[in-house]
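Trainee: I am attaching a structure below and will ask some questions about it afterwards.
Readers should treat all values here as calculations from the given coordinates under stated rules, not as data from a laboratory. All values reported here derive from a predicted model rather than from experimental measurement. When we count neighbours, we look across all protein chains shown, and the Cβ atoms used for this are built from the backbone with ideal geometry, even at glycine.
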Amino acid sequence: MGIWLPTTEGDIDAEWLSAALHDSSDAATANRISQIRIRPVTSAVNLMGEVSRIFIDWDESGARLPATVIAKLPSRNPENRALGLGMGWYEAEHRFYRDLAAHVGLRIPACLFTAADPDTGRYVVLLEDLASLTRVDQLDGLDLARTERTIDALAAMHARWWNNPQLPLVDWLPVGLGEPLRVFGQLMELAWPQFVDATADVLTDADRYVAERFVAGFDAIVDFTLDADWTLIHRDFRVDNMFFDGLDPVVFDWSTVGRGGAFYDVAYFLAGGLEIADRRLHWDRLLSRYVARLDEAGAVVADDGGLALRANALSCLVVPILTGGKVVDTLDARGWTFAATMMRRTFALLHDLDAIAILDA
């Protein structure tokens, strides 16, 4: 590990930050930090981690010295922290920045430091601060120009790792397909009553029917993935996890990174990132654009009549059901509105695709 790791943002001081950034650049190596000020990065849906902006005063000025950095630590909430540790999300983000970031295939924040102590559950990631770039509120829906460029970036990442035999050799990378998934079917059945209660004011009877069929038929979804195409996927590829440099996305929050079906990211992004009417208007063209970009990069998409798309779109329900609807059960008004809106948008896509038809295929 090499350096003691803080548990919360309150444990971070100038001396610790100096040590952490010591090897991040030649300029930082030669300079020390005299003072820091820490401010939380507020986000109504940032439930799984503690994210802070650290303002830095250096002993000497230098063009290469960052004035601010972003610090990510596990959540202080005991339940959320336990969930993040149990699901391996903190470990995955640490390993991603350590092992895969340089090869991911799209733009991400520069990682200045990452370290972990799995035995104590301590994880710290320091990232470049991209606050000067543009943020878009996901509730407002993404404009078409940025949506197109984001689809291009996503296709570039997916094509880079499309059925790549090196990816299964990354032993820490969570697997989102095949036999390891079957346990989630059992866990969703246990969480189902709580999910129904938590979403009673959000979902329609038709929505709930789709979710119920999905849980009951989850083994069929798993069976389908056994021979399906796979790649590196973000698994939380949404507008709130992006900055925009002009029209181009810079994607962060890699705690749920894994190996799985490419259309998961596509369905998750387009369903959640666009208002329902806009998604319906542009869906065919955006999906065709994504497949065309894969083809241009040499990634061959199997012609299965849309089965992979349906299977992966349905799989976007796993985490909401698995957590028993807790993502809706929040005291923050914006967080509740966000979660409810994303569920409604997702179910609208599932209805439009007639996604549960795959269970009868």
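Trainee: Write down the percent of antiparallel bridges among all DSSP beta bridges whose residues are both part of the chain, to the nearest 5.
Mentor: Numbers: 32 of 33 bridges.
Percentage antiparallel, nearest 5: 95.
Trainee: Treating the angle as unsigned and between 0 and 90°, give the value, to the nearest 10°, between the Cα long axis of helix 333-353 and the longest Cα principal axis of the chain.
Mentor: Taking Cα atoms only, the helix is inclined about 40 degrees.
Trainee: Follow-up. Between helix 276-296 and the chain, what is the angle of the helix's C-alpha long axis to the longest principal axis, kept within 0 to 90° and rounded to the nearest 10?
Mentor: 80 degrees
Trainee: Another question, if that's okay. Once both axes come from the Cα atoms, what is the angle between helix 182-198 and the longest principal axis of the chain, in degrees from 0 to 90, rounded to 10?
Mentor: Here the helix axis deviates by roughly 90 degrees.
Trainee: Something else now. What's the percent breakdown of Cα-Cα distances in the stretch 211-361 across 5 Å bins, shortest bin first?
Mentor: The percentages, shortest bin first, are 2, 8, 16, 23, 23, 16, 8, 3, 1, 0.
Trainee: How large is log10 of I(q)/I(0) for the stretch 98-198 at q = 0.11, 0.23 Å⁻¹ when the intensity is taken from the Debye formula with one equal scatterer per alpha-carbon?
Mentor: Result of the Debye calculation: -0.64, -1.16.
Trainee: To continue, here is another question. Of 228, 175, 154, whose Cα points farthest to the positive end of the dipole of the chain (charges on the beta-carbon: +1 Lys, Arg; -1 Asp, Glu; origin at the Cα centre)?
Mentor: Result: 154.
Trainee: Next question. Which value does Rg/Rh take for the stretch 9-128 over its C-alpha atoms, Rh per Kirkwood? Could you put the intermediate results ahead of the total?
Mentor: Values: Rg = 14.7 Å, Rh = 15.1 Å.
Here Rg/Rh amounts to 0.97.
Trainee: Mind putting a number on the dipole of the chain about its Cα centre? Charges go on the C-beta only, +1 for Lys and Arg and -1 for Asp and Glu, and I need it in Debye to the nearest 20. Each step should come with its number before you reach the end.
Mentor: On the way: 32 positive and 53 negative charges, 68 e Å.
That gives a dipole near 320 debye.
Trainee: While we're on this one: Report, as a whole number in µm² per second, the diffusion coefficient that Stokes-Einstein gives for the stretch 74-137 at 25 °C and 0.890 mPa s using the Kirkwood radius over alpha carbon pairs. Don't jump to the answer; show the numbers that get you there.
Mentor: Numbers: Rh = 13.2 Å.
Translational diffusion coefficient: 186 µm²/s.
Trainee: Helix-only mean residue ellipticity at 222 nm, the chain, DSSP H runs n ≥ 4 weighted -39,500 (n - 2.57), per residue, nearest 500. What is it?
Mentor: Working: 13 runs with 152 residues, N = 361.
So the calculated ellipticity at 222 nm is -13000 deg cm²/dmol.
Trainee: If every alpha-carbon in the stretch 62-110 counts as one equal scatterer, what log10 I(q)/I(0) does Debye give at q = 0.24 1/Å?
Mentor: At q = 0.24 Å⁻¹ the computed log10 ratios are -0.96.
Trainee: If you don't mind, there's one more thing I want to ask. Based on the alpha carbon coordinates of the chain, what radius of gyration and maximum Cα-Cα distance (Dmax) apply, in Å?
Mentor: Computed over the Cα atoms of the chain, radius of gyration and Dmax are 20.7, 67 Å.
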